[in-house]
1. From the list ARG60, ARG29, which residue is more than 22 Å from THR174 (Cα to Cα) and either among the acidic types (Asp, Glu) or surrounded by fewer than 19 Cβ atoms within 10 Å (Cβ to Cβ) (or both)?
2. If we keep just the residues of segment 22-58 that are small (Gly, Ala, Ser) and under 23 Å from GLN5 (Cβ atoms), which is farthest from the chain's Cα centre (by Cα)?
3. From the list ILE88, ILE66, ILE98, exactly one residue is of a type in the set (Val, Ile, Thr) and either closer than 24 Å to TYR7 by Cβ or at pLDDT 95 or above (or both). Which is it?
4. Let me confirm something: among LEU95, LEU91, LEU71, which residue is under 10 Å from the mean Cα position of the chain (by Cα), surrounded by 21 or more Cβ atoms within 10 Å (Cβ to Cβ) and of a type outside the set (Asp, Glu)?
Amino acid sequence: MAQFQAYSQQVMVNGQTVLSVMNGMGVFRGSASRILERHGIPNPVATGWYPQQAWLDAFREIAETIGSKTLHQIGMSIPRTAKFPPGIDTLEKALRSIDVAYHLNHRGGEIGHYEFAKTSPTRASVTCRNPYPCDFDRGLIEAVARQFKPAGAVLRIEHDLLKPCRSKAGDSCTYVISW
């Protein structure tokens with residue numbers, strides 16, 4: 001399924017995650033608030049639950065009017081606000097935890113997955129099979145990887161251009177992480 005289209009209209013996103021839009025837009029919080037309100041999410045609160053499709057519609061507007069760099073920044077802000085499982089102390093555990101965190105922050109139906117695969121001692125991939133935009137997922141993976149990369153490691157995250165891409169009507173995007 002392509003980006004910006006929820007798998008099910010019953011899926012909800014928790015308020016902490018929705019607030020990442022505002023956090024990711026920094027000084028443009030007012031714009032974020034107006035965009036969310038236009039899509040049926042006025043004054044989100046951390047304890048609330050909101051329709052995923054409304055949130056995805058807000059993402060689409062941000063992409064079309066502000067740009068993909070902002071989606072990347074929103075993705076980067078997710079680990080600061082969304083729920084993540086406890087006990088994460090390595091890069092591998094952190095990358096594996098993205099799928100668990102994704103499911104902690106959504107409810108109400110099929111939402112897709114983040115599939116982790118370790119391909120060498122210093123290389124892994126994460127395949128994002130969900131309705132979120134590519135730049136958002138790249139930001140999310142980058143933020144998680146930066147937080148848990150080994151000391152002194154040089155981190156590199158690349159969109160695998162040999163694999164499908166949701167921005168080109170693919171069902172997933174794959175990111176290669178090396179350190």
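The values are calculated or read from the model by the stated rules, or taken from the named source; none is laboratory data. Here the structure is a predicted model, which means the values were calculated and not measured. FYI the Cβ positions are ideal-geometry reconstructions off the backbone, even for glycines, and counts take in every protein chain you see.
1. On the way: ARG60 fails: more than 22 Å from THR174 (Cα to Cα).
None of the others qualify; the one that does is ARG29.
2. Step one: filter segment 22-58 for residues small (Gly, Ala, Ser), giving 24, 26, 30-33, 40, 46, 48, 54, 58.
Those left that are additionally under 23 Å from GLN5 (Cβ atoms): 24, 32, 40, 48, 54, 58.
Numbers: GLY24: 11, ALA32: 16, GLY40: 20, GLY48: 19, ALA54: 15, ALA58: 14 Å.
The extreme case among them is GLY40.
3. When all the criteria are applied, what remains is ILE98.
4. Values: LEU95 fails: under 10 Å from the mean Cα position of the chain (by Cα); LEU91 fails: under 10 Å from the mean Cα position of the chain (by Cα).
After applying the criteria, what remains is LEU71.
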